[in-house]
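The values are calculated or read from the model by the stated rules, or taken from the named source; none is laboratory data. Note that the structure is predicted; figures quoted are calculated from it, not measured. Cβ sites come from the backbone with ideal geometry, for glycine too, and all protein chains shown count toward neighbours.
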Amino acid sequence: MNGFVVLPLLIPLVSAASSILFWRRRMIQRWLGLSSSFLLLGSGLLLLYTIREHGIQAMQVGGWPAPFGITLVADLFTGIMVTLAGLIGSAVAVYSVANIDARRETFGFHPLLQVLLMGVSGAFLTGDIFNLYVWFEVMLIASFVLLGLGGERKQLEGGFKYVTLNLVSSALFLAGVGLLYGAAGTLNMADLAVKLRNANEPALVTALAMIFLTAFGIKAAVFPLFFWLPASYHTPPVAISAVFAGLLTKVGVYAIIRVFTLVFVQDVAYTHGLILGISALTMITGVLGAAAQNDFRRILSFHIVSQIGYMTMGLGLYTSIALAGSVFYIVHHIIVKTNLFLISGIVERRTGSFQLKQMGGLYHASPLLALLFLIPAFSLAGIPPLSGFFAKFILIRAGLENEEYAIVAVALMVGLLTLFSMTKIWAEAFWKPAPNEFGPRPVHRTMWAPAVALAVLTICIGFGAGPVYELSEQTARQLMDPTAYIQAVLGVSR
Amino acid sequence: MNSIILTVTARVLGPVLLLFSLFVLFRGHQEPGGGFAGGLLAASAFSIRAIRKDVELSLPVEPHALIGTGLLLAVSSGLASVVLGRPFMTAIWFPYVSTVLLFDIGVYLTVMGVVLMTVYALAEEKS
């Protein structure tokens, strides 16, 4: 018996509730948010450690036994994701001190960020598919408000697209949950895995799987359902778009991987083959979209789309090593992408714009910033010895082993085009002479610190790729063989 | 608003509504009712006062404080079982009271806070 599993939900909830009590006290809210984010990171690490030592952790909330009540369950994948949520939460909480203006703080930025983190952790922890829908909604409602907070014109414009498409996705998700309940009579994911394994009508299950793939696909921003992402992510303040870029679409990816390794594995040749095709198209459209952009954060947004393709590529190949590649890629991507967004905020402070045309001369003005940009940018493109190289290497090796040469070619080409985009930012923002004089605003050290910390982490993952790969491989083995997961939830092996 | 009918009615209805909301809250334990319905009723009791008098006069505390307290009460009702080594949110029963009731009181306060916050915001906009 252990209470750890529920900690990642309780910490942000208590912090958010206390922040509401101190509604008019910005400083107290700030400290509550900071401490809660770091506690979340700590609880994630604790959870990860416990899972590695003692196996999958499950808790039957309220003491109601498994298929009837709600189960919270944490395998290695969950542990990794919760830890990353805590990490990004902490980085953004520190960054927001100088990046979020007083007005947005008075309107509840800190409690909203905590509610967002709670929704994200809940989605990772739940073992019940309807409960997953509920956590998605918690996360989305918080993100709607965060996106619109401040009420600038372009924010509302981006927010409108974001809200509309995500509500469509939620409606589809809910319809899918209803149909699934009608077909299987249960919504507990472990129980579903057992019941659907020998389903009478595999075609019906595959049709259901497609509804879920569409719903989660919108949230994960895969081809062709990604429009909302580049339309909205560049509009709010950097701290908010960084946490969105790091975490939100990855919750969609998590849901796809969870559901398509645990529940929908009846017709792998069709469903996972389709996912593989979608991955290829996602990578290509994302990277080509980025090439046409001239706004720092819009380029990065399109790259999120392209990177999502790599993560689902591992699932599409559906072997142990490929899934390990996906997990490794998610770890790498969340850190690097958040870092790039944080850096874009520092660049904006130095040059006064997010438009590449308005930038320039940063290499001379601030060599440290140039170095800081190069690390995650190279990592994103997959230059050794940074984390992105190993992530791509594992996936490409898995692709070669499966003799899926087309996807390997796409993955390699997209890596090259990513480098092109990063070079473009480098050439415009850092290399060319500054187009106009702009008195740079001071960059507070609370904005530098998280960016530097995440860059160091990227290098660490690169040099310590062995242990991280080992962890990813263990995670992938748990995903490929869900027996232990089912046993942890239902209590008996079936 | 200066309407004599409203003033007189509100003076009578306010306390009655508040009492009734508490009745619904405690009755919800075994029969229809509970924290949500009770919270709505309590909010309407204070809303009537808000319409009758100035907004600031109707509630001694800010609605935010109600929401925060309510949420914390609900969380603590779930934590009681963790302290005793049982899963989160397992109900613990004593004679007459239980953690379930504590949770319901939390819901009552939160619902009341949310509704009043909305009502006050609308009332302020008008005046």
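A few notes on this one:
- A:L125 meets the conditions (1) surrounded by fewer than 23 Cβ atoms within 10 Å (Cβ to Cβ); (2) in contact with a strand residue (DSSP E or B) (Cβ under 9 Å, 6 or more places away or on another chain); (3) of a type outside the set (F, W, Y) in every case but one. The failed one is (1).
- 1 or more residues in contact with a Gly (Cβ under 6 Å, 6 or more places away or on another chain) and either touching a residue at least 12 places away in the same chain (Cβ under 8 Å) or surrounded by 18 or more Cβ atoms within 10 Å (Cβ to Cβ) (or both): qualifying helices (runs of 4 or more DSSP H) within the range A:347-408: A:367-381, A:387-401
- Taking every residue in the range A:259-274 that is in a helix (DSSP H, G or I) and pairing it with any residue that is among the small types (G, A, S), at least 6 positions away or on another chain, the pairs with Cβ-Cβ distances below 6 Å are A:L262/A:A193; A:T271/A:A209; A:H272/A:G316.
- Residue check for A:L10: assigned to a helix (DSSP H, G or I), within 14 Å of chain B (Cβ to nearest Cβ) and not basic (K, R): yes
- The numbered conditions (1) in a helix (DSSP H, G or I); (2) of a type in the set (K, R); (3) within 12 Å of chain B (Cβ to nearest Cβ) are all true for A:R24 except (1).
- The residue list A:V73, A:V97 contains one member that is within 14 Å of another protein chain (Cβ to nearest Cβ) and outside any loop (DSSP other than H, G, I, E, B), which is A:V73.
- Every pair of residues 6+ apart whose Cβ atoms lie under 7 Å, when the first sits in the range A:446-468 and is under 12 Å from A:P385 (Cα atoms) while the second is surrounded by fewer than 15 Cβ atoms within 10 Å (Cβ to Cβ): A:G462/A:P385; A:F463/A:P385
- Some residue of the range A:198-210 being on the phi < 0 side of the Ramachandran plot and touching a Lys or Arg at 6+ places or on another chain (Cβ under 9 Å): no
- Members of the range A:341-386 that are out of contact with any Pro (no Cβ under 9 Å at 6 or more places or on another chain) and not hydrophobic (A, V, I, L, M, F, W, C): A:S344, A:E348, A:S353, A:Q355, A:Y363, A:P367, A:P376, A:S379, A:G382, A:P384, A:P385
- Members of the range B:1-22 found to be modelled with pLDDT of 90 or more and more than 12 Å from the chain's Cα centre (by Cα), listed by number: B:V16
- Those helices (runs of 4 or more DSSP H) of the range B:1-109 in which 2 or more residues are touching a Ser or Thr at 6+ places or on another chain (Cβ under 6 Å) and within 14 Å of chain A (Cβ to nearest Cβ) occupy B:63-83.
- Among the residues of the range A:27-65, the one identified as within 18 Å of A:G3 (Cβ to Cβ), in a loop (DSSP other than H, G, I, E, B) and within 14 Å of chain B (Cβ to nearest Cβ) is A:W64.
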